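Heads up, the thing below is written out as C-alpha cells.
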C-alpha cells in the first residue's frame, strides 16, 4: 500500500523516512569529515559533497512534507500517556524543522562567504545573501549548534522507537519498518 492508513505508514512515507534517515546520517559524517580534514583538494571535495547532499535533503524534506500533508498520520497507540504524545509531536516537528534549517543555514554560510557553488558540480546554486564574513561566521556557529541539536533529537527519536518496541511492545517501530 502506497498511502498511509490510520493504522500504518504507507510505502511512500516509509520510503521518505528511511531515505532521509540514511542521508542525514551520511550528511553528519560528511560534515564532520569536511570540518576536520586537513586543508587539501579532498577537503574542498568533501565540502562540495556535504553542500550538495544538503540541497538534496532540503528538496526531499519539502517533498516529504507535501507527502505527509496529503496522507493521514497513523494514530498513536491506545493508552499512550499525554506526555508521550506531546513528546512525539514535538520531536517530529523538530526533525522537520532541522531538516529544513540546517540546509538553509548552510546555504546562507556559503552565500555570505561568497563561495561559488554547483550542486554535485553541475547545477549552480544562487546566493541567498550578500557576501558578509561576519554573517558567514555567525551562521557557521548556528549551523554547528543546529547539527548538535539534530544529533540529540535523532538519539531521542531512535531511543523512543526502541523503547516502544522492546519495552512497551507496541507496533510504533514495526509499522515504519519496510514490510512491517
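Here are some notes:
- Only listed residue being over 21 Å from residue 142 (Cβ atoms), surrounded by 13 or more Cβ atoms within 10 Å (Cβ to Cβ) and free of Cβ contacts under 8 Å to residues at least 40 places away in the same chain, chosen from 97, 65, 30, 122: 65
- Residue match in segment 112-123 (condition: in a helix (DSSP H, G or I) and more than 20 Å from residue 56 (Cα to Cα)): yes
- When segment 3-24 is filtered for residues that are under 10 Å from residue 67 (Cβ atoms) and free of Cβ contacts under 8 Å to residues at least 40 places away in the same chain, only 15 remains.
- The condition of being over 30 Å from residue 77 (Cβ atoms) and either in contact with a strand residue (DSSP E or B) (Cβ under 9 Å, 6 or more places away or on another chain) or without any contact (Cβ under 8 Å) to a residue 24 or more places away in the chain (or both) holds for only one of 130, 136, 147, that being 130.
- Just one residue in the set 69, 93 is modelled with pLDDT under 95, under 22 Å from residue 12 (Cα atoms) and assigned to a helix (DSSP H, G or I); that residue is 69.
- Residue 178 passes every criterion in (1) under 24 Å from residue 9 (Cα atoms); (2) in contact (Cβ under 8 Å) with a residue 12 or more places away in the chain; (3) surrounded by 14 or more Cβ atoms within 10 Å (Cβ to Cβ) apart from (3).
- Restricting attention to segment 150-170, the residues that are in contact with a helix residue (DSSP H, G or I) (Cβ under 8 Å, 6 or more places away or on another chain), farther than 17 Å from residue 20 by Cα and surrounded by fewer than 17 Cβ atoms within 10 Å (Cβ to Cβ) add up to 2.
- Of the set (1) modelled with pLDDT of 95 or more; (2) more than 15 Å from the chain's Cα centre (by Cα), all apply to residue 78 but (1).
- Any hit, segment 35-42, residues being in a helix (DSSP H, G or I), at pLDDT 95 or above and touching a helix residue (DSSP H, G or I) at 6+ places or on another chain (Cβ under 7 Å): no
- Restricting segment 124-147 to residues that are within 21 Å of the chain's Cα centre (by Cα) and part of a loop (DSSP other than H, G, I, E, B), the residue that is nearest to residue 98 (Cα to Cα) is 128.
- Among (1) surrounded by 15 or more Cβ atoms within 10 Å (Cβ to Cβ); (2) closer than 23 Å to residue 149 by Cβ; (3) modelled with pLDDT of 95 or more; (4) out of contact with any strand residue (DSSP E or B) (no Cβ under 6 Å at 6 or more places or on another chain), the one test that residue 52 misses: (4)
The values are calculated or read from the model by the stated rules, or taken from the named source; none is laboratory data. The model shown is predicted, which means the values in this text are computed figures rather than measured ones. Neighbour counts are summed over all protein chains in view; Cβ atoms, including those assigned to glycine, are modelled from backbone coordinates with ideal geometry.
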